[in-house]
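Heads up, the thing below is written out as structure tokens.
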Amino acid sequence: MSYWKQKIAVVTGGSDGLGRHLAEAFARDGARVVIAARNPERLQATADDLRQRGLDVTPMVADVTDQPQVERLFDQIRDRHGRLDVLVNNAGRSARGRLLDTTPEQFQDLIDVNFMSVVRCTRAAMPLLLESRGHLVNIGSLACKTATRYLGAYPCSKHPVAAYSQQLRRELYHDGVHVLLVCPGPLARSSPRERPSDELAGIPAAATGPAGGAKIRAIDPVSLAQRVLNDCRRRRAELIVPARARWLFAISQLWPDWGDAIVRRVTPS
């Protein structure tokens, strides 16, 4: 029997992208999945498509930047299912732009989406996760570990996800709640993401692409979703894709000048 059979999983940002692939992977392994997102039409379309494939997927509309909506989401989970076995904090977005051209308001907005949403959902879900001794999965980015050029406020909004996950792992260890931090590079997409023109002003054209133009092969989201399930089941602490990025993280910590030089070489100037 699958480890995930009849377990209750919640995936935020579950209507498209990696969130959709994660929801499908959990459901295919037998979990009963709730996908949460703020766009009701897109959310319903995703749920309908996955249900047509025979998967147990329920859509619940929630904006994870809004505290009352987050609380209502997890109240619904308790009322409907009575338990929660895994929460995947996947909602978020990236950015482009020169750092000094990024306004305080843009910093605040991205930090709210990429970090504070993780805090809100984790706190609201934790009573249920403590009961089940379940899993908390925080979807970060390579930007959780290192900052590259022309990503605006994105690295600053993702670095705290790594610290938050590490601290939770250490505080929750004896409570039996597993915490997994996932740090992937850019994901393969069927079509390029359109960005506001003000984000792209003043940065090299090459930096508008995935990972700010860094020379990293795009990651297959289907394969990544399955790896998340496997590492979650094994209760591992971190999943970094590609794995060789760990060398850059270690070098940047031990020899920052050397790390900066490497990043400059692999990103557009």
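Every read-out reported here was derived from the displayed coordinates using simple, explicitly stated rules and does not represent laboratory data. Since this is a predicted model, take the numbers as computed values, not measurements. Here the Cβ positions follow ideal geometry from the backbone for every residue, glycine too, while neighbour counts run over all protein chains shown.
A few remarks follow.
- Mean Cβ neighbour count within 10 Å, used as a protection proxy, ranking 90-103, 23-36, 44-57, 131-144 highest first: 23-36, 131-144, 90-103, 44-57
- Share of pairwise Cα separations in the range 39-120, more than 15 Å, in percent: 68
- With all pairs of different C-alpha atoms in the average, the Kirkwood value for the hydrodynamic radius of the range 55-174 is 15.4 Å.
- Comparing W258, Q6, G140 along the charge dipole axis of the chain, the residue lying farthest to the positive side is W258, per the Cβ-charge model.
- The share of alpha-carbon pairs in the chain lying farther apart than 24 Å comes to 48%.
- Basic side chains Lys and Arg get +1 at the Cβ, acidic Asp and Glu get -1 at the Cβ, and with that the dipole of the range 1-132 about its Cα centre reaches some 380 debye.
- Student exercise, the chain dipole from Lys, Arg, Asp, Glu Cβ charges, in Debye to nearest 20: 980
- Its convex hull of Cα atoms gives the range 79-118 a direction-averaged projected area, equal to a quarter of the hull surface, of 3.9 nm².
- Fully extending the segment from W258 to R53, taken as 0.36 nm per residue of separation minus the present Cα-Cα distance, adds 68.8 nm.
- Charge tally in the Cβ shell below 11 Å around C232, where Lys, Arg are +1 and Asp, Glu are -1, C232 excluded: +3
- Here the extension length gained between E105 and A163 equals 18.6 nm, from 0.36 nm per residue of separation less the Cα-Cα distance.
- Net charge in the neighbourhood of L181 (other residues with Cβ under 12 Å of its Cβ; Lys, Arg +1, Asp, Glu -1) is +2.
- Its Kirkwood hydrodynamic radius, worked out from the mean inverse distance over all distinct Cα pairs, puts the range 135-180 at 11.3 Å.
- Of D79, D109, D66, the one that fluctuates the most in a GNM where the chain has Cα springs shorter than 10 Å: D79
- Signed unit charges on C-beta, dipole axis of the chain, positive-most listed residue L151, V222, P104: V222
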